[in-house]
1. If I go through region 101-143 residue by residue, how many of them are surrounded by fewer than 15 Cβ atoms within 10 Å (Cβ to Cβ) and under 30 Å from S91 (Cβ atoms)?
2. State all residues of region 311-332 that are in contact with a His (Cβ under 9 Å, 6 or more places away or on another chain) and within 13 Å of Y240 (Cβ to Cβ); if no residue qualifies, say none.
3. Mind counting the residues in region 223-247 that are surrounded by fewer than 23 Cβ atoms within 10 Å (Cβ to Cβ) and among the charged types (D, E, K, R)?
4. In region 80-100, how many residues are in a helix (DSSP H, G or I), small (G, A, S) and either at pLDDT 95 or above or buried (at least 17 other Cβ atoms within 10 Å of the Cβ) (or both)?
5. List every residue pair whose Cβ atoms lie under 6 Å apart, where the two residues are 6 or more positions apart in sequence or sit on different chains, the first residue falls within region 224-236 and is on the phi > 0 side of the Ramachandran plot and not assigned by TED's automatic domain parsing to the domain that holds T255, and the second residue, located anywhere, is part of a loop (DSSP other than H, G, I, E, B) and among the basic types (K, R).
6. Out of all the residues in region 126-143, which are assigned to a loop (DSSP other than H, G, I, E, B) and either polar (S, T, N, Q) or touching a residue at least 60 places away in the same chain (Cβ under 8 Å) (or both)?
7. Could you list, ordered by first residue, the pairs with Cβ atoms under 7 Å in which the first is in region 18-39 and within 15 Å of G61 (Cα to Cα) and the second is modelled with pLDDT of 85 or more and of a type in the set (S, T, Y), at least 6 apart or interchain?
8. Go through region 47-64 and give me each residue that's at pLDDT 90 or above and surrounded by fewer than 22 Cβ atoms within 10 Å (Cβ to Cβ).
Amino acid sequence: MSESHSLSSSVAPLLEVKGLTKYFPIKGGLFGREVDRVHAVDGVSFDIAAGETLGMVGESGCGKSTTGRCILRLIEPSSGEVKFNGQNVSSMGSHALREVRRDMQIIFQDPFASLNPRMTVEAIIGEALTIHKLTPTPESYRARIVELLETVGLNADHMKRFPHEFSGGQRQRIGIARALAVSPKLIVCDEPVSALDVSIQAQVINLLEDLQAKMGLTYLFIAHDLSVVEHISNRVAVMYLGRIVEIAPSRQLYTQPKHPYTEALLSAVPIPDPTAKKKRIVLTGDVPNPVNRPSGCHFHPRCPKAIERCRVEEPVLKFVGDQHQAACHLND
């Protein structure tokens, strides 16, 4: 599915994110005043078309998950605008937001932590059906839960069991069934396979692809591993220290990366051919502190190609090819 179906200018995107920021205050001193702030998400903008999968990758702590949660307003953004289906989600009251939440769901990273251990599978999946009054009778309620379980590769016998009775892969399938219960249009997949064995990861990704084909779902697929998003994503956005540094159609990004950080991430992806030689780009140093970020390009202290301009001038995300954007002075 790595072919891009491009975002036509004549079709309004399903999701539009503009200038999204999230700052977490750091308080100190006798009166607990704000003394500094963590810039978790720093002016992120992107679109996702209906039926498309946008992969979002980057190292731990770069702001990927915070971005996904701000879009759904599970975390309140500091500023910026999120539009879903033409509606401004960022300024909605709680009642309107609840209605929109039917169309926007999330699959969490840790399938054990995100499922209530005291609730049966039936109660976990059925909770949203009850809240949104989607099944008027006990018969339709039970039939819908059985249908959802079978859709994700489980069966009716699993309804009365508790989360601890399942494997990690099965628990993630329960999480997927819960997200599907309200027939959403958009699902934020927040590192949905990173807690699973490699053998199970492929099964869950294949399931998500099948569901997308059957139901016309749209995904924001968050991961820290570029090899995971390669096959499921139409386009890929690369994040570093709260900002998108590159965004492009999947195949283009993997074959012609335009940002040194993307090149370094790609060099770490294992390749199936053991005889093929691939130069590994090893980044020096750690990801900078999101409180005291470097001047200019945030990546310059670790960048093997940095020039003087990178230290003083902040690059902007701009087009460097058809549908391909990068924030790097070396593309000028």
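The values are calculated or read from the model by the stated rules, or taken from the named source; none is laboratory data. The shown structure was predicted, so the numbers you read here are calculated from the model rather than taken from an experiment. So basically every Cβ, Gly included, is an ideal-geometry build from the backbone, and we count neighbours across all protein chains shown.
1. Our first condition is that a residue be surrounded by fewer than 15 Cβ atoms within 10 Å (Cβ to Cβ); within region 101-143, this holds for 113, 116-119, 127, 130-131, 133, 136-140, 143.
Right, trim to under 30 Å from S91 (Cβ atoms) and you get 127, 130-131, 133.
Going through region 101-143 one residue at a time, the tally reaches 4.
2. Selection gives E314, P315, A326, A327, C328.
3. Selection size over region 223-247: 2.
4. Looking only at region 80-100, we keep the residues that are in a helix (DSSP H, G or I), and these are 89-91, 94-100.
Checking which are small (G, A, S) leaves us with 90-91, 94, 96.
Still in the list and also either at pLDDT 95 or above or buried (at least 17 other Cβ atoms within 10 Å of the Cβ) (or both): 90.
Residues flagged as in a helix (DSSP H, G or I), small (G, A, S) and either at pLDDT 95 or above or buried (at least 17 other Cβ atoms within 10 Å of the Cβ) (or both) within region 80-100 amount to 1.
5. none
6. Residues of region 126-143 assigned to a loop (DSSP other than H, G, I, E, B): 132-137.
T135, T137, listed by residue number.
7. T21/S78; T21/S79; K22/T66; K22/S78; Y23/S78; R37/Y23; V38/Y23; H39/Y23
8. D47, A49, A50, G51
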